[in-house]
Amino acid sequence: MNKLAEQYKGKVDFYAVYILEAHPTDVWQMQSNVKDNVLFRSPTNEAERFGVANACVRKLGIHFPALVDGINNQVELAYTGWPDRLYLIGQGGRVLYKSTPGPFGFHPDDLAAAMKKLPTS
């Protein structure tokens with residue numbers, strides 16, 4: 001994603017939007033998270049959610065801006081972003097591309113193909 005963000009800089013704005021913690025320690029945990037020491041409980045307020053989001057951005061090496069959904073999960077409810085999704089939002093807020101659920105549904109090449117179809121003006 002960092003590569004695509006750099007390639008399309010000036011044409012498309014990239015944002016990561018942190019929503020719900022996918023595998024919180026107080027609900028259920030994946031062994032890969034234990035191995036990688038990615039262990040967070042479900043945030044109970046916005047300050048905790050910002051802290052977990054910050055750790056996520058650093059751990060994943062995301063080089064474009066990150067936004068954080070409020071504790072009321074309005075973005076998640078509006079866009080169904082859980083567990084992970086890639087979106088391309090066009091002018092006027094129209095969804096031009098929505099990936100299948102990630103991380104296995106993350107296909108940056110599909111997003112790149114959708115971006116190539118954008119008008120060049």
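The values are calculated or read from the model by the stated rules, or taken from the named source; none is laboratory data. Just so it is clear, the model here is predicted, and its values are computed rather than measured. Neighbour counts are summed over all protein chains in view; Cβ atoms, including those assigned to glycine, are modelled from backbone coordinates with ideal geometry.
Working carefully through the options Asp69, Asp84, find the one that is touching a strand residue (DSSP E or B) at 6+ places or on another chain (Cβ under 7 Å) and under 21 Å from Pro101 (Cα atoms).
Numbers: Asp84 fails: touching a strand residue (DSSP E or B) at 6+ places or on another chain (Cβ under 7 Å).
On inspection, the qualifying residue turns out to be Asp69.
Give the residues of the range 66-112 that are closer than 25 Å to Glu46 by Cβ and among the small types (Gly, Ala, Ser), sorted by residue number.
Across the range 66-112, the qualifying residues are Ala66, Gly70, Ala78, Gly81, Gly93, Gly102.
Inspect all residues belonging to the range 93-116 and state whether any of them is surrounded by 13 or more Cβ atoms within 10 Å (Cβ to Cβ) and without any contact (Cβ under 8 Å) to a residue 12 or more places away in the chain.
No: the range 93-116 contains no residue that is surrounded by 13 or more Cβ atoms within 10 Å (Cβ to Cβ) and without any contact (Cβ under 8 Å) to a residue 12 or more places away in the chain.
Going through Gly10, Gly70 one at a time, which residue ends up being modelled with pLDDT under 90 and under 25 Å from Gly93 (Cβ atoms)?
Details: Gly70 fails: modelled with pLDDT under 90.
Of the residues listed, the single one that is modelled with pLDDT under 90 and under 25 Å from Gly93 (Cβ atoms) is Gly10.
If I go through the range 1-58 residue by residue, how many of them are of a type in the set (Asp, Glu), within 18 Å of Gly81 (Cβ to Cβ) and assigned to a loop (DSSP other than H, G, I, E, B)? It would help to see each step written out before you state the result.
At the first step, the residues of the range 1-58 found to be of a type in the set (Asp, Glu) are 6, 13, 21, 26, 36, 46, 48.
Within this subset, residues satisfying the condition of being within 18 Å of Gly81 (Cβ to Cβ) are 13, 21, 46.
Applying the additional criterion that residues be assigned to a loop (DSSP other than H, G, I, E, B) yields 13, 21.
Adding up the residues that qualify gives 2.
Of all residues in the range 14-55 being surrounded by 14 or more Cβ atoms within 10 Å (Cβ to Cβ) and touching a residue at least 40 places away in the same chain (Cβ under 8 Å), which is nearest to Ile89 (Cα to Cα)?
Phe14
Among the candidates Leu39, Leu20, Leu96, Leu86, which residue alone is within 30 Å of Thr120 (Cβ to Cβ), among the aliphatic types (A, V, I, L, M) and modelled with pLDDT under 85? Don't jump to the end; show me each part of the working.
Values: Leu39 fails: within 30 Å of Thr120 (Cβ to Cβ); Leu20 fails: within 30 Å of Thr120 (Cβ to Cβ); Leu96 fails: modelled with pLDDT under 85.
Only one candidate qualifies: Leu86.
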